[in-house]
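Below is one structure, written out as structure tokens; the observations come after it.
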Amino acid sequence: MTDDHLPTAPASAAGGHWDADEFRRHGYAVVDWIADYWRSLDGRQVAPAVDPGAVAAALPSAPPGTGEPFEAILADLDRVVAPALTHWQHPGFFGYFPANISGPSVLGDLVSAGLGVQGMLWATSPACTEVETVMLDWLAQLLDLPKRFRSGSPGGGVIQDSASSATLVATLAALHRVSEGRWRGTGVDGEYVVYTSSQGHSSIEKAARIAGLGDDGVRLVEADPDSLAMRPEALRAALAADRAAGRRPAIVVATIGTTSTTAIDPVEQIGRICAEYGVWLHVDAAYAGAAAVCPELRWTHAGLEWADSYCFDPHKWLLTGFDCDAFWVADRAGLVEALTVMPEYLRNAVTDAGAVIDYRDWQVPLGRRFRALKLWFVLRHYGAQGLQAHIRSAVAHAAWFADQVRADDRFELVAPAPFSLVCFRLREQSDEINSALLASVNASGHAFLTHTRVAGRFTLRLAVGAPRTERRHVADAWRLLADAATALLARDRR
Ligand SMILES: *Cc1c(COP(=O)(O)O)cnc(C)c1O
């Protein structure tokens, strides 16, 4: 190799390219650092109090002029970064939805970083594309998804960075289909409409905005007040009203496991209505989709054969680090037609022959990294049984917690809890008291929960899913909540 175009590296280790042995030494130190961090989690505050700007103030205001020793960088992880983290992998983390990881996932990501390949085309790294295709087929089997999503059918799967991107890509493919291709040529040529329930994810509105439909192009269909699932009759009424007004229904996004309370939309009934109106059905199962690795939870996916596209996030509840959203379409040709652009510098014989998958045509960016490696590591390390055990333990912990809530008259469950999220509040108490309850438990540092609003009322959410969470951590959270409730209610009476 000729290096004459490169500046000469200084003699010291800092400032120049590492040789293989230097990388090995520092790499082992980083793996040690991560292992020690994981081991330390139980003793850390889940979400430490940090003032805005504190982290930025601890960093130099200008980049270093000369390279620094790697040891100094690692030391600042402990000094600057770790104290200002919300510890998502903490066994007492019950906020939002989990973003759980695992050792095999981290190492798969490390290998991907080390390879540094760009998988935009099959030809730019055949393994990057083909491992991904097979992993998406494996996942489709693990979840028992409809056969039309497999690569051996007209459909297929791809990894997106997030469920938000999956929704955007589904919206674009739907626009292409409903406009019979005119959207691609001349842009949005009519008043297209996107439908989801009032409980649908915010990324659906964002996708509509990005696609040029505007907030006016979104219908939030009424949900049933008890189940919080989309009301099919309300969807039908909205579609009919828009049709009558000359607007063009483009896509319905149904949700399996809404973000607020894990409500499950009636996908089969919605699917029949979509078929009647010729509307694309996308099913967003970002968090709850992972549950379908367990046969006893597959009822939650009933009606999925009606979907034109489906996604879930292995990066939420399937032990695979962010970012990894698995997205399938029933008609890959339509998706590719909507998104493909072929500049001369990417032309190659296998693409021209139609012999391969080029995943750049399945997503918004051109470039993509080798994310399938972490899935490959995770699926092989855990196997179906290991993944099922992970889901089942979270579901059992949540069911135990829901039992405690049910058995304590002071509390009430606010929504059904079919997965590992429990929504609850202090019965007949104000939003202020419930909000104070949440703040008090989070201030303890031992547990971290977040909140939502259900029927306008402040509601606490406890989501189980961190791989190190054991029953004792859920029991601790319950004890903290019960004690804080006692203190708050006594104070309120005085
Ligand atoms: C979390 C979530 C999303 C967004 O997920 P990202 O992968 O972070 O974009 C979308 N839909 C639902 C139902 C979610 O719970």
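No lab work stands behind these numbers, since they all come straight from the coordinates. Because the structure is a prediction, the values reported are computed rather than measured. Cβ atoms come from the backbone with ideal geometry, glycine included; neighbour counts cover every protein chain shown.
Quick look at the values:
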| quantity | calculated |
| --- | --- |
| For W400, W299, order by how many other beta-carbon atoms lie within 10 Å, fewest first | W299, W400 |
| Residues Y192, Y310, sorted so that the one with the fewest Cβ neighbours within 10 Å comes first | Y192, Y310 |
| Calculated P(r) tail over 31 Å for the stretch 117-369, as whole % of Cα pairs | 21 |
| Shape category assigned to the chain from the gyration tensor of Cα positions, a/c cut at 1.5 | oblate |
| Proximal aspartates and glutamates relative to K206, as straight alpha-carbon distance under 16 Å, when same-chain residues fewer than 8 apart are discounted | D161, D215, D216, D284 |
| log₁₀ of I(q)/I(0) at q = 0.22, 0.25 Å⁻¹ - the stretch 147-188, Debye sum with one point per alpha carbon | -0.84, -0.90 |
| Three-way shape label, the stretch 10-87, alpha-carbon gyration tensor, a/c 1.5 | oblate |
| Cβ charges +1 (Lys, Arg) and -1 (Asp, Glu), total dipole of the stretch 383-493, debye | 200 |
| Per-residue Cβ neighbour rank within 10 angstrom, fewest leading, T459, T320 | T459, T320 |
| C-alpha center-to-center spacing [the stretch 370-402, the stretch 158-183] in angstrom | 29 |
| Contact order relative to length of the stretch 65-150, as percent, for alpha carbon pairs under 8 angstrom and 6 or more apart | 10 |
| Under-5 Å amide H pairs with S197, H placed in peptide plane, nonlocal only | V221 |
| Counting DSSP beta bridges with both ends in the chain, the antiparallel % (nearest 5) | 55 |
| Cα gyration tensor shape of the stretch 52-131, rounded if a/c is under 1.5, else prolate or oblate by comparing a/b with b/c | oblate |
| Estimated vicinal HN-Hα couplings, Hz - the stretch 138-144 in sequence order (Karplus 6.51, -1.76, 1.60; Gly, Pro = x) | 4, 4, 4, 6, 4, 8, 6 |
